[in-house]
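**Q** Quick one: structure below, then a few questions.
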Amino acid sequence: MDPCPFCRIAAGLEDADLVALRTDRVLVVPALRQRRRNRGHALVLPVDHVARTADADPALLGEILRTAGRVGLAQRAAFGATGTTTFLNEDAPDQVLPHLHVHVVPRRAGDRFRMPDPEGEVQDREERRLQGLALAAALRSPPSTGSGGRG
Ligand SMILES: [Zn+2]
């Protein structure tokens, strides 16, 4: 049994109902720990176990970051975010899982977001499942970026 929780999700062995998006190389799941003011915080991770960005090929990193951008737009539609903060940890003191993952945090005016974040709380499974469904729906019909067609 693979001890890496993200590899187990990627293999479909756990939490299949939390996966909001899956391609051949990346998947999107709601984060376990979230602040109430940043509901919808999601993770983008590679399907294959990659520990660090330095170990990942550029095409994979490109797909991860492009997917993070799509998730950010979906969070506007699914959770009313007005923007996002995207980050990743590499051997950070508070990092729990050594499987590369990018955090995409939905932001709103007055959310008082900060890092590292002492207000992150473990979210229950049903809440995360509902977030996954909302993100999945928003990812299927990406919202307009608002840039319009003029110019
Ligand atoms: Zn892994």
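The values are calculated or read from the model by the stated rules, or taken from the named source; none is laboratory data. Note that this is a predicted model, so its numbers are computed, not measured. We place every Cβ from the backbone using ideal geometry, glycine too, and count neighbours over all the protein chains shown. Accessible surface is based on the protein model in full, side chains and every heavy atom, while ligands, DNA and RNA are left aside. Shrake-Rupley method; radii C 1.70, N 1.55, O 1.52, S 1.80 Å.
Table: residues versus (1) closer than 21 Å to residue 137 by Cα; (2) within 16 Å of the ligand (Cβ to nearest atom).
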site: 64; (1), (2): yes, yes
site: 80; (1), (2): yes, no
site: 98; (1), (2): no, yes
site: 101; (1), (2): no, yes
site: 107; (1), (2): yes, no
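**Q** Does at least one position in the stretch 50-69 carry a residue that is touching a residue at least 60 places away in the same chain (Cβ under 8 Å) and not polar (S, T, N, Q)?
**A** The initial filter retains those residues of the stretch 50-69 that are touching a residue at least 60 places away in the same chain (Cβ under 8 Å), namely none.
Scanning the stretch 50-69, I find no residue that is touching a residue at least 60 places away in the same chain (Cβ under 8 Å) and not polar (S, T, N, Q), so the answer is no.
**Q** Also, I was wondering about something else. Which of the residues that make up the stretch 34-62 are more than 16 Å from the ligand (Cβ to nearest atom) and in contact with a strand residue (DSSP E or B) (Cβ under 8 Å, 6 or more places away or on another chain)?
**A** Answer for the stretch 34-62, where residues must be more than 16 Å from the ligand (Cβ to nearest atom) and in contact with a strand residue (DSSP E or B) (Cβ under 8 Å, 6 or more places away or on another chain): 34, 35, 36, 38, 39, 40, 41, 42.
**Q** Keeping to the stretch 109-131, report how many residues are touching a helix residue (DSSP H, G or I) at 6+ places or on another chain (Cβ under 7 Å) and under 15 Å from residue 80 (Cα atoms).
**A** Result for the stretch 109-131: 1.
**Q** Hey, another quick one. Residue check, residue 25 against (1) more than 14 Å from the chain's Cα centre (by Cα); (2) within 16 Å of the ligand (Cβ to nearest atom); (3) at pLDDT below 95, all met but one. Which one?
**A** Among (1) more than 14 Å from the chain's Cα centre (by Cα); (2) within 16 Å of the ligand (Cβ to nearest atom); (3) at pLDDT below 95, residue 25 violates only (3).
**Q** Among the residues of the stretch 34-63, write down those that are among the basic types (Lys, Arg) and modelled with pLDDT under 95.
**A** So in the stretch 34-63, the residues among the basic types (Lys, Arg) come out as 35-37, 39, 52.
35, 36, 37, 52, listed by residue number.
**Q** For the stretch 36-151, give me every one of the strands (runs of 3 or more DSSP E) that falls completely inside it and has 3 or more residues that are within 23 Å of residue 15 (Cα to Cα), open to solvent by less than 80 Å² (accessible area, probe 1.4 Å) and in contact with a Ser or Thr (Cβ under 9 Å, 6 or more places away or on another chain). Spell out how you get there, then give the answer.
**A** Numbers: elements: 42-46, 83-88, 102-107.
Output list reads 102-107.
**Q** Just give me the residues in the stretch 1-21 being within 15 Å of the ligand (Cβ to nearest atom) and outside any loop (DSSP other than H, G, I, E, B), in sequence order.
**A** Matches in the stretch 1-21: 5, 6, 7, 8, 9, 10.
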